[in-house]
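Report on the following structure.
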Amino acid sequence: MSPTCPAYLRLVRSSGWYDLIVTAGFATPWTYALLHHLLSAAGTATGLGAMPALTPMQTLYANLMGSVVVIWSLLRILRPLPLHGLLDGAARVLFSLWETYALLHDGPRLLSVFLVLEVTFGLLQLAPWARPRTGRAVAAGARHR
């Protein structure tokens, strides 16, 4: 799949929808408190661990992350571009690293569910960029000879 094909742009848009649905609850203090409670209950019920106690600083960082990701999601939903897929793939590499770090430092195992999705979307969006584009490169090289 090429980064410029319609299927890739649908993938970029889909990753935007996923992020919007998953992170909208992080964007305000009120929705984050509810989401924190729900995630803790789900983690406890499944044996994957409860969230750490809610603090004002944790809420602030969750709200900052949620606000930025909501806007980034809307951009990819409304204007999916190949570059947005590349940048989102790179961001998912970073998110995956930080989620892995948290898991290795006694973070709730519930994070592993999100880690799988981050890695999956990241690989899907970065893979087309890793393939050599021989057609254009060969044609461009032939013109310079």
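FYI, it's all coordinate maths here, none of it is from the lab. Quantities reported herein were computed from a predicted structural model and do not represent experimental measurements. Every residue, glycine as well, gets a Cβ built from its backbone with ideal geometry; the counts of neighbours run over all protein chains shown.
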Original post:
Counting other C-beta atoms within 10 Å, which of 15, 67, 40 has the fewest, and how do the rest follow?
Top reply: 67, 40, 15
**OP:** Pop out the ³J(HN,Hα) list for the range 4-18 in order, Karplus 6.51 cos²θ - 1.76 cosθ + 1.60 with θ = phi - 60°, rounded to Hz; leave Gly and Pro as x.
**Re:** 9, 7, x, 5, 5, 5, 5, 4, 4, 5, 4, 5, x, 4, 4
Subject >> Taking 21, 77 and counting other C-beta atoms within 10 Å, the order from fewest to most >> reply: 21, 77
Original post:
Which entry in (1) 10.5; (2) 12.8; (3) 9.5 matches mean projected area of the Cα convex hull in nm² derived from the coordinates of this structure?
Top reply: (1)
**OP:** Could you grab the relative contact order for the chain? Cα pairs under 8 Å, six or more apart, rounded to a whole percent.
**Re:** 31 percent
Subject >> trypsin sites (Lys or Arg not before Pro) restricted to the range 69-111 and DSSP loop, no more than 15 other C-beta within 10 Å >> reply: 109
Original post:
How would you rank 119, 68, going from fewest to most other Cβ atoms within 10 Å of each one's own Cβ?
Top reply: 68, 119
